[in-house]
Amino acid sequence: MTDQLRPDGSLRHLLTLEHLPRAHIERLLERAEGFVRPLGARPPLSNALAGITVANLFTEPSTRTRVSFELAAKRLGAAVVNLEVQLSSRAKGESMLDTVYTLQSLHVDVMVIRDAEQGVPELVAANVAPHVSVLSAGEAHVSHPTQGLLDALTVRQHKGRFAGLAVAIVGDIRHSRVARSAYHAFRVLGVADLRIVAPPALMPEPAEFAGCARHTTLKSGLKDADVVMMLRIQRERMGQADLPDADRYFAKYGLTPERLALARPDAIVMHPQPMNRGIEIASDVADGPQSVIRDQVRNGVAVRMAVLAEVIGSRTGGA
Ligand code: NCD
């Protein structure tokens with residue numbers, strides 16, 4: 001695994017939250033909080049990244065992540081280029097590296113990468129010049145570190161703490177990079193009661209999610225939860241034959257107001273989006289008073305500003 005930290009301990013790449021020291025996560029959350037503004041207020045602007053160029057290389061669809069990385073970079077004064085890299089034109093990462101070397105020659109300083117293939121962000125990080133940083137914007141089913149950070153920030157804003165919380169992550173855990181990054185963030189931040197709730201076919205392998213209680217029903221999984229994080233079925237990561245029937249899934253695993261009542265009365269409901277209303281979540285819940293889903297989106301820009309500021313600001317002779 002490529003080291004995400006420089007020899008002086010500062011953050012250079014962000015590829016995964018796994019093994020990222022707690023102090024780094026807390027520092028990023030603190031920094032991100034400073035970039036959060038209420039809706040209607042002007043977002044913070046600075047020149048901290050003036051002269052820096054950020055490239056977004058996405059080979060999988062994205063709305064929130066791509067737009068928020070772009071806004072985050074621009075609000076810090078960076079230049080941004082967006083590349084729609086065609087998966088089909090890429091032979092096992094080789095032409096990805098050629099694209100990356102081209103961008104490097106064009107003075108790109110930060111490569112933001114989303115890819116359906118495991119290992120691509122790491123491959124790029126292992127091959128770029130020492131001044132270049134690589135940020136994962138979602139790697140296969142493995143990792144989505146900025147999502148994990150924005151989820152943690154959202155919980156911190158609403159609950160004020162991590163210790164003592166019961167957090168239930170519900171849905172297609174098996175194929176979810178969001179679940180994996182949330183798991184790493186919540187574990188290191190001290191959530192003791194961390195549960196995964198899924199039908200048996202969508203549970204991860206036994207070796208994964210160590211320390212989490214596994215529930216196959218919402219009835220037991222949501223009981224007295226403080227945080228309920230719902231996930232979409234990752235259709236793109238499974239064969240047609242393995243896809244659960246949407247109506248049957250909603251009947252057993254859909255989050256309705258009645259089921260949410262199993263959790264604590266002040267529980268918050270999260271979802272990384274895109275949502276499939278009527279499959280994993282009812283509209284009454286998604287738009288209801290306990291939903292913090294739109295806060296998650298707002299926090300996404302703040303977290304990505306914090307990460308960009310951190311990797312560039314701590315560079316030798318930094319910004
Ligand atoms: C997620 C992703 O791409 O992993 N979306 C996001 O970044 N907010 C979740 C998903 O696609 O289900």
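When peptides 31-38, 75-82, 203-210, 222-229 are ranked by their average number of other Cβ atoms within 10 Å per residue, the highest-first order is 222-229, 75-82, 31-38, 203-210. Cross-link partners of K159 among aspartates and glutamates, defined as those whose alpha carbon lies under 18 angstrom from its own and excluding same-chain residues fewer than eight positions apart: E26, E30, E33, D151, D193, D224, D226, D266, D295.
Each of G160, H131, L255 was scored by the projection of its Cα onto the charge dipole of the chain, and the greatest displacement toward the positive side belongs to G160; charges sit on the C-beta of Lys, Arg, Asp and Glu.
Between S62 and H158, the FRET efficiency estimated from the beta carbon spacing at R0 = 25 angstrom works out to 0.50.
When peptides 94-103, 293-302 are ranked by their average number of other Cβ atoms within 10 Å per residue, the highest-first order is 293-302, 94-103. Note on I169, I233: ascending count of other Cβ atoms within 10 Å places them as I233, I169, the fewest first.
Under the criterion of Cα pairs below 8 Å and six or more residues apart, the relative contact order for region 145-297 equals 24 percent.
Residue exposure proxy: L150, L218, ordered by other Cβ atoms within 10 angstrom of their Cβ from fewest to most, comes out as L218, L150. Maximal additional length on extending the A192-A41 stretch stands at 50.8 nm, based on 0.36 nm per residue less the C-alpha distance. For region 145-297, place one equal point scatterer on every Cα, skip the solvent, and apply the Debye formula. What is log10 of I(q)/I(0) at q = 0.16, 0.21 Å⁻¹? The Debye formula, applied to the Cα set alone, gives -0.80, -1.50.
For A201 and K223, the FRET efficiency from 1/(1 + (r/R0)^6), where r spans their Cβ atoms and R0 equals 22 Å, is about 0.45. Note that the chain shows a convex hull volume over its alpha carbon atoms of 128 Å³ per residue.
Given their separation in residues at 0.36 nm each and the Cα-Cα distance between them, M238 and E30 gain 71.2 nm when the chain is fully extended. For the pair E94 and L71, the difference between a 0.36 nm per residue extended length and the Cα-Cα distance amounts to 5.3 nm. Residues of region 41-75 with an amide N closer than 20 Å to a point placed 7 Å from the Cα of A116 along the Cα-to-Cβ direction: 56-67. Compute the label zone of A251 within region 185-229: residues whose backbone N is under 17 Å from the point 7 Å along Cα-to-Cβ. From region 185-229, the list is 199-200, 217-219. Taking the C-alpha atoms only, the angle from helix 22-33 to the longest principal axis of the chain is near 90 degrees.
Values in this text are rule-based calculations from the coordinates and carry no lab data. Quick caveat: nothing in here was measured; it's all calculated off a predicted structure. Ideal geometry is used to build each Cβ from the backbone, glycine not excepted, and the neighbour counts take in all protein chains shown.
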